[in-house]
Amino acid sequence: MEVNFLLPISLFTMIALSILIYKRVAEKTKELLGDKKIGLREAISIVIFISVLVIIIGLIPGYAIQILFIAAFSYILFIFTYLLSKRAIASAIPPAIYVTVFLLLNYLITTNALIIILVTNLFSALFAIIAITLLGPLFSWRVLMLFAALLTAMDIIHVFITGYMVEAAHRVIGLGLPLMLLLPRPPSLTELTALGLGDVFLSGLLSAHTTSKYSLKAGLLTAASISMIFLAFDIIVYKFTWQVKTFPATLLVLLGWLLGISPYILKSEGNITKLRH
């Protein structure tokens, strides 16, 4: 058995990059939206929307999914670039590059699967980082906890009960959309491990807010602990239970985050106890 170190390394890198640019984008977002925050109802609505979207992906024609996602991702790229540059013309360049590359890769230039996977992974990582840094500042700590719990519950239901999450993942991969990370298991280039961007998004949100609440060290520690939990799970699955092909990875995210943040929670509780006495 070969250990797939690409999985934890890739996950940690994306979370760490999100943490490092989170503060700058958070300041820009606050300038644009003021003190606007996502409330409990809005958090519930987001989870419901994601849940319905997972079902819809398996029902509507592939070209319609591609058009909708290309439009949404291009808009998000424009907003993100505009927040950083404040130049509308310059902000139109990244979406134009993405649309061009997507069309060339999927329809014109190459049928080489490895090249398509590599470029799609790069856009997937970019999309995850943008989503974390744009939406992260809109969550309060309390609402984020509820959102994480609901997203995990939705993931469990769609993986173990309805099966829609697995079906949607296969569809997304087939359409070449940057919503999954496909990581080869060295030395093989054909055996792949798939990780959904929802799991990366949740990991980044939790680690970024941990950074804001405690410190950069705390945020990076939670990023590392989440990544190590994924590595440990990957080793266990491939060594002992080969029949397990799908699993709600949000459970691993929460476990890793709790392990990483627990020393800081315990320290805070200890300080509160001392103050009371």
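Readers should treat all values here as calculations from the given coordinates under stated rules, not as data from a laboratory. Everything numeric here is computed off the predicted structure, so don't read it as measured data. So basically every Cβ, Gly included, is an ideal-geometry build from the backbone, and we count neighbours across all protein chains shown.
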Would you kindly derive the ³J(HN,Hα) couplings of region 158-163 from the backbone phi angles with the Karplus curve 6.51 cos²θ - 1.76 cosθ + 1.60 (θ = phi - 60°), listing them in order in whole Hz, with x for Gly and Pro? 6, 8, 8, 9, 7, x
For each of H209, H170, count neighbouring Cβ atoms within 10 Å of the residue's Cβ, then give the residues from fewest to most. H170, H209
Compute the length gained on full extension between S45 and I93: take 0.36 nm times their separation in residues and subtract their Cα-Cα distance, giving the result in nm to one decimal. 14.1 nm
Within the set of other residues whose C-beta is less than 12 Å from the C-beta of H209, count the net charge using Lys and Arg as +1 and Asp and Glu as -1. +3
Under 5 Å, built H, 5+ apart or other chain: amide partners of T193: L183, R185
How much length is gained on full extension from I60 to W141, taking 0.36 nm per residue of separation minus their Cα-Cα distance? 25.6 nm
Only one of the values (i) -0.21, -0.35, -0.53, -0.91; (ii) -0.23, -0.39, -0.59, -1.00; (iii) -0.26, -0.44, -0.66, -1.09 was calculated from this structure for log10 I(q)/I(0) by the Debye sum over Cα atoms at q = 0.07, 0.09, 0.11, 0.14 Å⁻¹; name its label. (iii)
Contour minus Cα-Cα distance for K36 and S262 (0.36 nm per residue): 78.4 nm
So how far apart, in nm, are the two label points at L104 and F5 if each is 7 Å from Cα heading toward Cβ? 3.3 nm
Using Cβ contacts closer than 10 Å as the measure, can you line up L177, L183 from fewest to most? L183, L177
So what's the gap between the Cα centers of region 216-241 and region 85-134, to the nearest angstrom? 28 Å
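Only Lys, Arg, Asp and Glu count, each charged at its Cβ (+1, +1, -1, -1), so figure out the dipole size of the chain about its Cα centre, rounded to 20 debye.
880 debye
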Spelling out what I want: for every residue of region 63-69, take phi, set θ = phi - 60°, compute 6.51 cos²θ - 1.76 cosθ + 1.60 (Karplus), and round to whole Hz; glycine and proline get x. 5, 5, 4, 4, 5, 4, 6
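Grab the other residues whose beta carbon is less than 12 angstrom from that of A43, score K and R as +1, D and E as -1, and report the net.
+2
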Cβ under 9 Å from T250's Cβ, T250 left aside: what net charge do those residues give with Lys, Arg +1 and Asp, Glu -1? -2
Would you count, across the chain, every pair of lysines whose alpha carbons are under 28 angstrom apart, provided the pair is eight or more residues apart or spans two chains? 24
At 222 nm, what helix-only mean residue ellipticity would the chain give, in deg cm²/dmol to the nearest 500, using -39500 (n - 2.57) for each DSSP H run of four or more? -25000 deg cm²/dmol
Choose one answer from V47, V166, V99: the residue with the largest mean-square fluctuation in a GNM of the chain with alpha-carbon springs under 10 Å. V99
Cα gyration tensor shape of region 120-239, rounded if a/c is under 1.5, else prolate or oblate by comparing a/b with b/c: prolate
